[in-house]
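A.B. asks: Encoded as structure tokens, here's the structure I'll be asking about.
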Amino acid sequence: MSLQGEDGATVELADGIEHQVAMVMDLNKCIGCQTCTVACKKLWTEGGGREYMYWNNVETKPGRGYPRDWEEKGGGFASAEQAGQEDVHGEREVGELPSEEDWGRPWEFNHGEIFYDGSDESLRPQGEPPEWGPNWDEDQGAGEYPNSYYFYLPRICNHCTHPSCAEACPRKALYKREEDGIVLVDQERCRGYRYCVEGCPYNKVHFNVLKKKSEKCIFCYPRKEAEGPDDEVRPPACASECPPQLRLVGFLDDEDGPIYKLVEEYGVALRLHPEFHTQPNVYYVPPFAPPQHTEDGETVDVDRIPRPYLEELFGEDVHDALDTIERHRDRVRRGEDSELMDLLTTQDLARQYRLEAFE
Amino acid sequence: MTAGRDRRSVATALAALVLLTAAAVAPALVGARPANEVPVTDLPEAGDSLSNPTADAWGQTPAKEIALASAPSSAPNANDTSIEAVSVRAARTDGRLAVRLRWADPTRDTNFTGNQSATPHVNSFGDAAAIQLPTNASANPGIAMGSAQTPVNVWYWSGPTAGQELIAGGPGTSTMVNQQVSTSATYRDGHWYVTFVRNESIQTANRTDFTANEDVQVAFAVWNGSNAERAGQKAVSEWQYFPFGPGPQGPPYEAILWAVAGLALVVVIVATVIGIRRT
């Protein structure tokens with residue numbers, strides 16, 4: 001289904017979906033503090049087989065990510081045509097199931113000994129010395145001094161328009177909610193086959209060994225539905241707890257909302273790895289970095305973050321997106337107005353989070 | 001010369017007669033079973049011991065070796081299955097049907113839970129086995145999980161989850177129901193021994209009842225966890241049957257058919273012998 005906006009832009013929604021929730025993350029604001037990660041973990045994945053799970057994680061790019069090398073594990077669709085087919089089961093790109101080493105085991109620390117038993121050991125993970133874990137390569141990045149570079153990439157489930165996790169499930173245990181396109185795992189239908197885990201090219205479906213079922217980000221739908229004690233509609237916890245407030249939340253098909261404007265009108269928020277053809281509904285404003293320096297500290301007109309690398313992550317549209325932002329920055333520097341810059345720097349929560357547009 | 005020739009004719013005739021008799025009677029004498037029959041032995045004394053997968057009582061039942069092949073399925077790697085045969089024994093005792101599956105699997109894949117905070121075995125799969133039956137004993141469902149019109153009742157066992165009872169109406173539809181089958185498993189010397197025991201008579205809808213005095217179709221499936229086998233990636237048998245129907249062992253005209261065949265054989269032999277002697 002495609003909706004034609006006033007400005008001629010078209011929004012593709014999945015068949016049978018009334019509206020599509022979406023999120024834009026501005027990577028220029030992410031400080032890698034992991035507050036989103038912790039907010040999500042405290043809320044949804046504290047224990048009971050979820051110890052190793054981060055429905056929201058923040059990884060350093062360039063880097064191997066969480067789970068390790070997820071970008072190379074396959075999944076998704078071979079083409080946009082395949083993604084659009086009604087039933088491509090059996091023809092999809094079958095991915096690889098990440099191992100427990102790839103996810104990284106949850107570390108047990110000697111807190112008790114140090115804080116209560118008076119031990120003068122140093123605080124460290126217990127058991128076998130770990131060899132990998134989430135953020136093992138944090139802040140490592142790439143490039144040579146003085147032109148080394150890295151940036152942070154927060155990731156949640158993309159609640160894709162063509163979710164290959166759902167397509168991968170022979171039991172149709174994963175589905176998109178009709179009212180808002182949130183992708184969920186029906187815990188009654190799930191039998192723990194994990195085709196969804198290997199079918200998601202973003203590796204955002206996890207397996208709970210204790211429950212023997214798959215689990216994933218639910219876009220905090222109870223918060224969206226005002227199920228908290230104060231009956232208020234709230235954005236996902238990862239968004240509302242973010243110290244630099246880098247996330248905007250709303251509906252892709254809300255023409256007055258921030259997502260539509262950034263994605264469809266200005267084209268500055270892009271999908272991560274569009275070549276997986278699942279059509280994510282989490283979008284990223286690509287990162288800028290200071291230009292390169294010579295060894296003497298002279299600034300030269302060369303991108304610090306190589307464009308080919310950004311293109312690898314966000315596709316060819318990254319050039320237009322960066323150029324558009326640059327143009328609007330210049331405009332603001334000259335004292336002119338820019339709706340785009342207003343939107344990217346707004347502190348008005350009603351503009352940043354629009355989850356009641358269709359009520 | 002003439003006497004010799006006569007003696008030879010008598011010998012030939014005798015041999016033909018013996019052949020004819022053997023052809024007609026032998027199959028009945030050796031008790032040959034149709035290829036797809038899974039024999040069920042009455043063991044009234046065995047009682048509860050049959051739920052023990054390695055109980056001595058199982059030695060009193062004949063084993064049926066059943067070949068397995070990859071199930072037709074759209075699951076990824078559906079053709080990559082590793083268990084090639086399952087040995088099935090079945091017995092009745094006290095109104096219960098007990099079925100024991102035994103198969104070779106060099107790796108025992110069962111419990112992945114371990115310590116809750118330990119590294120989870122997120123990419124490990126359990127060994128499993130299942131028995132598929134038509135929910136309606138007289139129906140003939142499709143071998144791949146039946147269909148909406150002809151559902152199947154599945155008795156399922158797996159290392160991590162133990163026993164489950166399922167109902168399915170086609171691939172991907174299996175649904176857990178209130179379990180009335182008890183399962184038990186033993187792993188010994190590179191082999192799984194798994195028993196399934198249930199009352200023959202059942203009051204619940206959509207469950208196979210064995211008391212209707214008719215043959216009941218049955219199929220078997222085995223999954224090897226260390227080969228990541230799960231869902232439709234499984235080794236399965238063709239439909240077999242439990243001979244719960246009334247005798248006789250074969251169709252009533254079986255003896256006549258055998259006699260005709262034997263007679264034809266004799267005629268051919270005699271004609272050949274006569275032909276050779278004339279030349």
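The values are calculated or read from the model by the stated rules, or taken from the named source; none is laboratory data. Owing to the predicted nature of the structure, the values given are computational and were not obtained by experimental measurement. Cβ coordinates were reconstructed from backbone atoms using ideal geometry, including for glycine residues, and neighbour counts include every protein chain displayed. All accessible areas refer to the heavy atoms of the entire protein, side chains included, with ligands and DNA or RNA removed. Shrake-Rupley method; radii C 1.70, N 1.55, O 1.52, S 1.80 Å.
A.B. asks: Compute from the Cα atoms of the stretch A:34-79 the Rg and the Dmax, the latter being the longest Cα-Cα distance, and quote both in angstrom.
C.D. replies: Computed over the Cα atoms of the stretch A:34-79, radius of gyration and Dmax are 13.0, 38 Å.
A.B. asks: Go ahead and set up a Gaussian network model of chain A, Cα springs under 10 Å, then flag whichever of A:Gly315, A:Gly118, A:Gly143 fluctuates most.
C.D. replies: Answer for the Gaussian network model of chain A: A:Gly118.
A.B. asks: A further question follows. Suppose each label sits 7 Å from its Cα in the direction of the beta carbon; what would the B:Met176-A:Glu178 distance come out to in nanometres?
C.D. replies: It works out to 2.7 nm between the two label points.
A.B. asks: Relative contact order for the stretch B:149-279: what is it in percent, counting Cα pairs under 8 Å that are at least 6 residues apart? Working shown, then result.
C.D. replies: Numbers: 145 pairs, mean separation 17.3, N = 131.
Worked out over the stretch B:149-279, it gives 13 percent.
A.B. asks: With all pairs of different alpha carbon atoms counted, what Kirkwood hydrodynamic radius in Å does the stretch A:141-231 show?
C.D. replies: Hydrodynamic radius (Kirkwood, Cα pairs) of the stretch A:141-231 is 14.9 Å.
A.B. asks: May I pose another question? Of the beta bridges DSSP finds with both residues in chain B, what % are antiparallel, to the nearest 5?
C.D. replies: 95 percent
A.B. asks: If you take the Cα atoms of chain B, find Rg, then find the Kirkwood Rh from the mean of 1/r over all pairs, what is Rg/Rh?
C.D. replies: Rounded to two decimals, Rg/Rh equals 1.15.
A.B. asks: Still on this structure: Work the Kirkwood hydrodynamic radius out for the stretch A:246-359: mean of 1/r over every pair of different alpha-carbon atoms, inverted, in Å.
C.D. replies: About 15.6 Å for the stretch A:246-359.
A.B. asks: Once you order the gyration tensor axes a ≥ b ≥ c over the Cα atoms, which shape class does the stretch A:273-318 get: rounded for a/c under 1.5, otherwise prolate or oblate by comparing a/b with b/c?
C.D. replies: In terms of gyration-tensor shape, prolate.
A.B. asks: Further question: Which one of A:Thr324, A:Thr161, A:Thr299 has the biggest mean-square fluctuation once chain A is modelled by GNM with Cα springs under 10 Å?
C.D. replies: Of the options given, A:Thr299 has the highest mean-square fluctuation.
A.B. asks: Next question. Can you tell me, using C-alpha contacts under 8 Å and at least 6 residues apart, the relative contact order of chain B as a whole percent?
C.D. replies: Relative CO of chain B lands at 24 percent.
A.B. asks: On to the next question. Of the DSSP beta bridges with both residues in chain A, give the percent that are antiparallel, rounding to the nearest 5. Walk me through the numbers on the way to the answer.
C.D. replies: On the way: 25 of 30 bridges.
The antiparallel proportion sits near 85 percent.
A.B. asks: Please arrange B:Ser174, B:Ser82 by accessible surface area, largest first, computed with a 1.4 Å probe and ligands excluded.
C.D. replies: So the residues, ranked largest to smallest area, are B:Ser82, B:Ser174.
A.B. asks: Now, a different point. So if I restrict to the alpha-carbon atoms in the stretch A:90-189, what is the Rg, and what is Dmax, the biggest pairwise distance, in Å?
C.D. replies: Over the stretch A:90-189's Cα set, Rg and Dmax evaluate to 20.8, 59 Å.
A.B. asks: Then there's this: By its C-alpha gyration tensor, with a ≥ b ≥ c as the square roots of the eigenvalues, how is chain A shaped: rounded for a/c under 1.5, else prolate for a/b larger than b/c, else oblate?
C.D. replies: Note, shape of chain A comes out rounded.
A.B. asks: A further question on this structure: Could you list, in their original order, any pairs among A:Lys213/A:Lys261; A:Lys211/B:Lys64; A:Lys42/A:Lys212; A:Lys61/A:Lys261; A:Lys176/A:Lys261; A:Lys41/A:Lys61 whose Cα atoms are separated by more than 30 Å?
C.D. replies: A:Lys213/A:Lys261; A:Lys211/B:Lys64
A.B. asks: Report the gain in length on full extension from A:Arg334 to A:Phe358: 0.36 nm times residue separation, minus Cα-Cα distance, nm rounded to one decimal. Intermediate results must be reported in sequence, preceding the final value.
C.D. replies: Values: separation 24, 0.36 × 24 = 8.64 nm, distance 3.73 nm.
Result: 4.9 nm gained on full extension.
A.B. asks: While we're here: For the protein assembly as shown, what ratio Rg/Rh do Cα atoms give with a Kirkwood hydrodynamic radius?
C.D. replies: 1.16
A.B. asks: Where both residues lie in the protein assembly as shown, what percent of DSSP beta bridges are antiparallel, nearest 5?
C.D. replies: Around 90 percent antiparallel, to the nearest 5.
A.B. asks: Here's a follow-up. What residue among A:Asp301, A:Asp69, A:Asp120 shows peak mean-square fluctuation when chain A is described by a Gaussian network model with Cα springs under 10 Å?
C.D. replies: Its mean-square fluctuation being the largest, the pick is A:Asp120.
A.B. asks: In the P(r) worked out for the stretch A:27-152, what percent of Cα pairs fall beyond 19 Å?
C.D. replies: When every Cα pair of the stretch A:27-152 is considered, 65 percent fall beyond 19 Å.
A.B. asks: Additional query: Determine the sum of side-chain charges near A:Lys61: Lys and Arg each +1, Asp and Glu each -1, restricted to other residues whose C-beta is under 12 angstrom from that of A:Lys61.
C.D. replies: My count for the surroundings of A:Lys61 gives -4.
A.B. asks: Taking the Cβ of B:Asn140 as the center, what net charge do the other residues with Cβ under 15 Å away carry, scoring Lys and Arg +1 and Asp and Glu -1?
C.D. replies: It works out to a net charge of -3.
A.B. asks: Rank these by accessible area, largest first, 1.4 Å probe: A:Asp231, A:Asp139.
C.D. replies: The ordering from most to least exposed comes out as A:Asp231, A:Asp139.
A.B. asks: Now for a different question. Quick one: check the C-alpha center-to-center distance for the stretch A:225-267 versus the stretch B:195-266, whole angstrom.
C.D. replies: Using only Cα atoms, the two centres lie 59 Å from each other.
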